[in-house]
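Accompanying notes for the structure given below.
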Amino acid sequence: MATSGCQRKEHEAQASTPRRLKLDTVGAVTRPIPDTLLVTGTLEATTVNDIAANATGRVVAIHGERGDQVKKHAALAKLDVRLAALQAAAANAQAKVASDQAELQAQECARTEKLAASGAVPMAEWERQSWQCKIAKSTMAASQVQATMAAQYVSDGTIRAPMDGHLVERFVEVGQFVTPTTKVATLVSLDELRLRISVPEIQLGGLKKDAAVTFRVAAYGARIFSGTLARVSPVVRPETRDVLAEATVPNGDHALRPGMFATVELQLGTKLASVVPSSAVVVREGTSRVFVVRDGRIEERAVQLGPRVGNEVAVLKGVARDEPIVREPGEEVKNGLFAE
């Protein structure tokens, strides 16, 4: 009975001793971090090209559908150019006749000049012949221009892409009659986009050209895209008290599309803030939290996070300088437990 009583007292003593977790802690360090402004923005195309027919005729063939990628000079549509081809042939023939006549007239001018120099023909005849030579040259030049124009009409019968891009929309069908002002298609370049953002007037002083811009879009979740602030409007919009700014965004893989909505972080400079390892932050019930060891006990604190810098993250609210933070809190780490 005495032995049983001793064992019971020992068990009760152990139960009354609080459990202490052995934890790895790190002090929150204050250092300069990027001072960022969170705004919203919209992606826009840098180059959008509405392509006109620049010719008259009936469409006999079309190439490409919405979303297709096309190369510069690729054919988008072809017109019936049979009449233009006949006119070009006639113009070329006329230009050849005018060229032969000009050559013959030049020979006659040279002969008359020699005769005039020797006194064999009157000077008046030489002057008349000189004018005939000039008229022949002008006629030849006009005929060559007409031939060039006729050839251009034939060439314009094939409507080509003026740049590399993606086909946004095609507006003509086979059999449709088009004129020079008819819109045939719209092309957009995706290689580089513009990110259009609005910045509150109060933050205008921190805007600097070439500042770094990072952003996310809903289609790609946590993927971070980057750009460079290129332009800032010189005026503040009175209705919204903000300024419009644009960043250039490289888009080599064409993942981003014009019209996408973006959540943007715009770097304004630097500021001092407490920094902790990213591993020290856990998300519970939708809130970012850290665990601070204070007077030997664990305190769970909700924190407001700032930008991430490498493997560290800034804590804007919730942690004081040099406070010991649990480096990698597991499931067993809870508020109120004791720590060694």
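The values are calculated or read from the model by the stated rules, or taken from the named source; none is laboratory data. This structure is a prediction, so every number in the text was calculated from the model and none was measured. Side chains included, ligands, DNA and RNA excluded: accessible areas come from the protein's heavy atoms. Shrake-Rupley method; radii C 1.70, N 1.55, O 1.52, S 1.80 Å.
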*Principal-axis tilt of helix 123-156 within the chain, Cα atoms, nearest 10 degrees*: 40 degrees
_Accessible-area composition of the chain, carbon plus sulfur, in percent [1.4 Å probe]_ = 52 percent
*Give the Debye-formula value of log10 I(q)/I(0) at each listed q (0.08, 0.14 Å⁻¹), with one equal scatterer per alpha carbon of the chain, two decimals each.*
-0.71, -1.12
*Relative contact order (percent, whole number), the chain, Cα cutoff 8 Å, 6+ residue spacing*: 28 percent
*For K271, list the aspartates and glutamates whose Cα falls under 13 Å from its own Cα; do not include residues on the same chain fewer than 8 positions away.*
D35
*Tensor-based shape of region 70-175 (alpha-carbon gyration tensor, a/c under 1.5 rounded, otherwise prolate or oblate)*: prolate
*Work out Dmax and Rg for region 92-250 from the C-alpha atoms and quote the Rg first, both in angstrom.*
32.5, 96
_Solvent exposure of the chain as accessible area per residue, Å², 1.4 Å probe_ = 60 Å²
_Semi-axes of the equivalent ellipsoid for region 153-208, Cα gyration tensor, largest first, Å_ = 41, 13, 10
*Viscosity 1.002 mPa s, temperature 20 °C: Stokes-Einstein D of region 250-310 from its Kirkwood Cα radius, in µm² per second?*
140 µm²/s
*Accessible area of R196, 1.4 Å probe, to the nearest 10 Å²?*
90 Å²
*Once the principal axes of the Cα atoms of region 111-156 are found, what is the range along each, listed largest first in whole angstroms?*
55, 14, 7
*asked:* Taking the alpha-carbon distance from K22 and a cut-off under 14 Å, which aspartates and glutamates remain once sequence neighbours fewer than 8 residues away in the same chain are dropped?
replied: E328, E331, E332, E340
*Once both axes come from the Cα atoms, what is the angle between helix 2-16 and the longest principal axis of the chain, in degrees from 0 to 90, rounded to 10?*
30 degrees
*How far is helix 82-118 tilted off the main Cα axis of the chain, in degrees rounded to 10, range 0 to 90?*
50 degrees
*Mind ranking E44, E127, E239 by accessible surface for me, highest first, 1.4 Å probe?*
E239, E127, E44
